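See structure below.
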């Protein structure tokens with residue numbers, strides 16, 4: 001049964017369904033989640049909650065990368081100046097329909113944007129999906145649009161969904177090993193046009209495979225996954241929507257390009273991008289290496305990028321929002337920073353910490 005449930009959930013996360021209704025389910029299904037092309041769904045949670053039983057014994061130390069050759073980094077190199085494709089500013093094929101009748105929000109009929117990697121090269125076959133709040137308060141994620149060979153996409157919005165009060169893009173490339181990007185969309189366009197062009201590209205950063213990924217084995221058994229720089233996650237594969245074997249992570253400098261979700265925010269001391277985009281139906285804890293050399297027993301704030309299925313204390317963390325989910329403590333030996341009791345990850349997107 002678990003295999004069927006997660007297969008369907010993963011399909012919803014990567015394909016899109018096109019529904020626009022809100023629904024509530026209080027049965028034995030996953031926690032609140034915004035499904036692709038669908039609705040805001042609420043239910044009471046599924047899968048076992050983490051605890052002492054069924055947990056593999058792990059080493060509390062923070063190891064570095066494991067033996068063997070370093071993984072190939074597809075984003076290695078110096079970022080190049082952006083070169084917007086000609087198709088980005090080309091004329092739209094359809095006429096502007098004008099504002100939606102009776103709309104007191106912002107009318108948007110089509111959004112054109114482009115998607116690149118860390119270096120600035122176009123990414124084809126990525127999926128750009130718009131998650132919106134309509135004038136009536138309905139929240140939904142619309143069907144995604146694929147990017148072309150030049151990284152450009154044109155996302156047309158159905159007439160009944162064009163009156164918006166809030167919008168955020170979710171950009172992914174399933175199976176690519178690249179971290180998701182969620183960006184809020186500025187709706188104050190300063191013109192009467194309902195057609196929008198995103199001047200700056202969405203950047204998808206490549207994750208690197210873990211230094212230590214335990215064998216799948218018993219999916220109900222919690223295990224410790226160690227990534228290339230010593231960041232660790234404790235979780236059960238059973239709780240993941242996306243494939244366990246595709247887990248990856250990248251340390252990203254806070255001054256890198258494309259970090260739209262940090263605009264107007266105090267930058268964290270360290271920032272990590274996880275892949276693939278995934279809801280966690282149980283609870284996962286995180287441990288960071290103390291690269292910032294913070295004092296033993298000092299505290300940090302841990303924040304996460306809101307995405308599909310992200311929650312904090314049972315409340316949805318909106319797509320594109322950078323929000324605190326709790327605190328962590330530097331170990332007595334000063335080696336690592338561990339999330340405190342009650343500070344858990346309910347999704348894998350981007351995570352960072354800031355000294356308190």
Students often check this: by mean Cβ neighbours within 10 Å, which of 248-255, 266-273 ranks highest, and how do the rest follow?
266-273, 248-255
Place a point 7 Å from the Cα of residue 245 in the direction of its beta carbon; the residues of region 276-317 whose amide N falls under 17 Å from it are 276
Region 107-203: spread of alpha-carbon positions along the three principal axes, whole Å, largest first, is 38, 25, 18
Tell me, in nm to one decimal, what length is gained between residue 340 and residue 86 on full extension, where the rule is 0.36 nm per residue of separation less the Cα-Cα distance?
86.5 nm
If you average the C-alpha positions of region 261-337 and of region 199-251 separately, how far apart do those two centres end up, in angstrom?
15 Å
What percentages, rounded to whole numbers, describe P(r) for region 73-134 computed over all alpha carbon pairs with 5 Å bin width beginning at zero?
3, 12, 18, 17, 17, 13, 10, 6, 3, 1, 0
If the chain between residue 138 and residue 324 were fully extended at 0.36 nm per residue, the gain over the current Cα-Cα distance would be 64.5 nm
If you take the Cα atoms of region 164-311, find Rg, then find the Kirkwood Rh from the mean of 1/r over all pairs, what is Rg/Rh?
1.01
Percent of beta bridges antiparallel (DSSP, region 107-203, rounded to nearest 5):
85 percent
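The numbers here are math on the coordinates, done by the rules we state, and not lab data. A quick note: this is a predicted structure, and the numbers were derived from the prediction, not measured. A quick note on method: Cβ atoms are made from the backbone with ideal geometry, for glycine too, and the neighbour counts reach across all protein chains shown.
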